[in-house]
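I have placed the structure first, in the form of structure tokens, so that the comments after it can refer back to it.
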């Protein structure tokens, strides 16, 4: 096993806390050899503590924003993959989620995607941007495609019986 297998964010944080408190205590007694005095301690460190708390808050907000962005990208990939599923229920559920909770159907997220062998029977793909998508061997019986952007879409060997 490598050392990184044992390192966790919690262990790193605890190590940084131990180092920080050690520097705090050593630094205080180095600067004030006369001993401990609460008033001296607070006057020395209030500005540093407030700056650090603000820095921590900004860091947490940045990390949270990055995590949210990563989760959104992962969900988008998952939903697009599920839309291309050969299982009709999975594909229709993905389309429903994309229509109700996201803009993936209309914002160009489906451009140039492959839906090879997808079962999109009775799917509601109206007003969807499918430009340059690939639906080879897909089943799209009864699929609603009106007002969809179908520019350069490939429907080779696709069953589109009753699609409109």
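Tabulated results
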{"item": "Region 99-123 residues that are on the phi > 0 side of the Ramachandran plot, paired with ones that are modelled with pLDDT of 95 or more (beta carbon under 6 Å, 6 or more apart)", "result": "108/129; 112/132; 117/86; 117/137; 122/142"}
{"item": "Only one of 145, 110, 130 that is buried (at least 17 other Cβ atoms within 10 Å of the Cβ) and out of contact with any strand residue (DSSP E or B) (no Cβ under 9 Å at 6 or more places or on another chain)", "result": "145"}
{"item": "Search result, residues across region 148-164 that are surrounded by 11 or more Cβ atoms within 10 Å (Cβ to Cβ), closer than 20 Å to residue 106 by Cα and touching a strand residue (DSSP E or B) at 6+ places or on another chain (Cβ under 7 Å)", "result": "149, 154"}
{"item": "Count of region 70-93 residues which are touching a strand residue (DSSP E or B) at 6+ places or on another chain (Cβ under 6 Å) and free of Cβ contacts under 8 Å to residues at least 24 places away in the same chain", "result": "0"}
{"item": "Test for residue 41: is it free of Cβ contacts under 8 Å to residues at least 12 places away in the same chain, over 30 Å from residue 107 (Cβ atoms) and either touching a strand residue (DSSP E or B) at 6+ places or on another chain (Cβ under 9 Å) or surrounded by 10 or more Cβ atoms within 10 Å (Cβ to Cβ) (or both)", "result": "no"}
{"item": "Count - residues of region 138-155 that are under 15 Å from residue 84 (Cα atoms) and in a strand (DSSP E or B)", "result": "2"}
{"item": "Residues located in region 124-162, provided they are within 26 Å of the chain's Cα centre (by Cα) and at negative phi", "result": "124, 125, 128, 129, 130, 131, 133, 134"}
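The values are calculated or read from the model by the stated rules, or taken from the named source; none is laboratory data. Not measured: the values here are computed from a predicted model. Counting neighbours? That spans all protein chains shown, and the Cβs are built from the backbone with ideal geometry, glycine included.
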